[in-house]
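The values are calculated or read from the model by the stated rules, or taken from the named source; none is laboratory data. Predicted model, so just to flag it, every value in this text is computed and none were measured. Here Cβ is always computed from backbone atoms with ideal geometry, including for glycine, and neighbour counts include all displayed protein chains.
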C-alpha cells in the first residue's frame, strides 16, 4: 500500500506529528513506524515528566516559542483526555553569591519569553520548599508534571482511531527516494510513502543519512542517571527544585523532581553513554562508541568541557559526590536516603565544529523533513512541534521537492 505520509519514530514527537498530520490533512493515509514493541520506550518514557515553562531558552528560538505554547497545549490535551497532571510550579535557587547574577539574567530571560516569574529571597524560597538552603530564587508557577508515557498512549489510541496505520516492532532498514516519494524497507516488509517525516530521536541522524540527507550534525548520547528518595524522606521535597544552570553547559544540573505518582527523583547527571540506548554503565555498542570517539566535533567538545565532563563522570561513579551535589540544595539529604532508579539517555545533536545544538533542529530533504535534535523540552513542546512539522511538509497529493530552508531553527 502507498501512504501519503510515513512517520519514523514512535516517541511522543513522532506520535504528535502523526496526530497533527491527521488534523491538517483529514483522510490522508498515514503510516507510523516504530522499532520497539510499544510507544515511548526511549527519551519520552525515561525523562523526569516535567512540563517545562520555557524559562531557559533563548528568546525567539524554537525551543522558547514552542515550549511556551506547548505548556498550554499539553495541559489542554491532558484535560480533554483525562490524563493526570499537576501545575505545581518550581523554584530555581542560587546557593552561592557567584550565582546571583546568573539568576537575575535568568529572570530577565523568563520575562522576555512572556512568563510569570517571581523573585524570591532565601526566606521566601523556604516558604515554598522548607528544606532548601538558598540565598535567593525564582518561582515559575507554570511548570508542571505529567507521565509522558500516558500522554503517548492516548496519542497512539487517537492515531489509530483516525485511521493511522501504527506499526510497532518495525525497524526501518532502507529508505530509497523515488519520483513518487520513498520506498521504505523494514523488518516487517516494504512500504511506500509520498512524504517522509523522521522523528527517530536517538537514531534521527542515521535515518536522515539513510534517506540521502546530511543533517550536518551527529547525535551524541548522554546518559542521565537518577536516584529516588526513600518514601519516608519524600517530605523533603514539595515540588520541583532546580539549581541555577551553568550557562556554558547545556544541561540543567542535578535537581529534585516530584513525579506525578508522588515519588521524588534526584538527578540527572550527564555522562557520555557508550551506546545510543545505553541505560546502564555496562551497555556498550562498538559502532556507536567508534562513531563518537572518531568524530572531530566530539573531540573538540571534550577539550572545551574537560573539567565539567570529568566532574560528571566522577559523580556517576561516586555516590558521595552525587549526594554532595544534592546537599547544595537540601543539606538534610543523606546517602542512605537515596535508591538508584532508571536512567535516561538524551539524544543531543553535535555539529562538526564541536558545538552542541541548543535548539530544535529541523532539516529538509527531498519530500522529507527530519527532526534531528529534539531533547528536552521536546516532550513539553511535542504537540506544537507536531503542528510545526505538519505545516512545513508538502501536501502529499502533489509531491514536490521541499524548498531548502536554512538548516536548524526555522520552522
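Structure summary
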quantity: Residue count for the range 219-234, restricted to those that are free of Cβ contacts under 8 Å to residues at least 60 places away in the same chain and more than 17 Å from residue 48 (Cα to Cα); calculated: 2
quantity: Residue match in the range 74-87 (condition: more than 14 Å from residue 245 (Cβ to Cβ) and crowded, with 22+ Cβ neighbours inside 10 Å); calculated: yes
quantity: Selection status of residue 262, part of a loop (DSSP other than H, G, I, E, B) and in contact (Cβ under 8 Å) with a residue 24 or more places away in the chain; calculated: yes
quantity: Count of residues meeting criterion [in a loop (DSSP other than H, G, I, E, B), touching a strand residue (DSSP E or B) at 6+ places or on another chain (Cβ under 8 Å) and on the phi < 0 side of the Ramachandran plot] in the range 2-31; calculated: 4
quantity: Residue under evaluation residue 269, criteria (1) closer than 27 Å to residue 242 by Cβ; (2) touching a residue at least 60 places away in the same chain (Cβ under 8 Å); (3) touching a helix residue (DSSP H, G or I) at 6+ places or on another chain (Cβ under 8 Å), criterion not met; calculated: (2)
quantity: Meets criteria (outside any helix (DSSP H, G or I) and either surrounded by fewer than 14 Cβ atoms within 10 Å (Cβ to Cβ) or in the same structural domain as residue 362 (by TED's automatic domain parsing) (or both)) for residue 70; calculated: no
quantity: Identity of the residue in the range 198-233, assigned to a loop (DSSP other than H, G, I, E, B) and within 18 Å of the chain's Cα centre (by Cα), that ends up farthest from residue 170 (Cα to Cα); calculated: 217
